[in-house]
Amino acid sequence: MHGEPGGAESSGAAGRGFTAQALQVEPPNSVAIGPHHRCNAFACKQSERIANFLTREGPELFEKRYCSIFILPNPADQTEIWGYYTLSPSALVRRRATGSDQKRIPGGIPIPMALIGYMGRHDETPKGFGKSILVDAARRVYRNSDLRAWGLMLDSEGGKENKKLWDWYIAFGFAAAKPESDGQASGVLYGPLQKFIPELAIKAAERAAANSP
């Protein structure tokens, strides 16, 4: 799993200790939802479910601690919601990960994930703002030293049948989880945090270039 800058050093078992993490990740631009945010003004014509979440299911799920809700406000008006997402702790059964990911992660335990249960952008936000929401979520999860997660996970609305949305997530770096044990397909997508954080992706590319013949 990922560490945070300034981690403690230790001589751990079999010589595997905790080392300082050199990678730096920018802080998120989002803020926790508050009473000053104008939830009723949020509009998303592509999905009624997403458009109404902040005024319907959101308050109850937040109150019952099912999720945290984060807002990306309009820089010129902090009460206007340009985008939002929710985060909850979750896990992906190891057998549902791709073969390449199974080779890179510890065996025997589920993969700790941060679940984006709901996510949406206002109809009037700038083009490309959807990617900014995902990057923000990944940065927030990575910088959380109290509850660590290996990656992001979500259930794409409509699954593969909603081809435009599905393809957008795949292009961004998500991979489709393998079907459940009963063979039933789902819309679950996941990916490691470093795929969604530009500064980590750049560092990975630099390391790869330095190690190449």
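The values are calculated or read from the model by the stated rules, or taken from the named source; none is laboratory data. Predicted model only: the values in this text are computed from it and were never measured. Quick reminder, even Gly has a Cβ in these numbers, built from the backbone with ideal geometry, and neighbours come from all protein chains shown.
Looking only at residues that are over 20 Å from A201 (Cα atoms) and at pLDDT 90 or above in region 17-34, which one is surrounded by the most Cβ atoms within 10 Å (Cβ to Cβ)? Restricting to residues being over 20 Å from A201 (Cα atoms) and at pLDDT 90 or above, the top hit is S30.
Note on region 82-92: among residues that are in contact with a Phe, Trp or Tyr (Cβ under 7 Å, 6 or more places away or on another chain) and more than 16 Å from P59 (Cα to Cα), the one that is surrounded by the most Cβ atoms within 10 Å (Cβ to Cβ) is G83. Of all residues in region 44-84, count the ones that are β-branched (V, I, T) and in a helix (DSSP H, G or I). Counting residues in region 44-84 that are β-branched (V, I, T) and in a helix (DSSP H, G or I) gives 1.
Within region 139-171, being touching a helix residue (DSSP H, G or I) at 6+ places or on another chain (Cβ under 7 Å) and of a type in the set (V, I, T) holds for one residue alone: V141.
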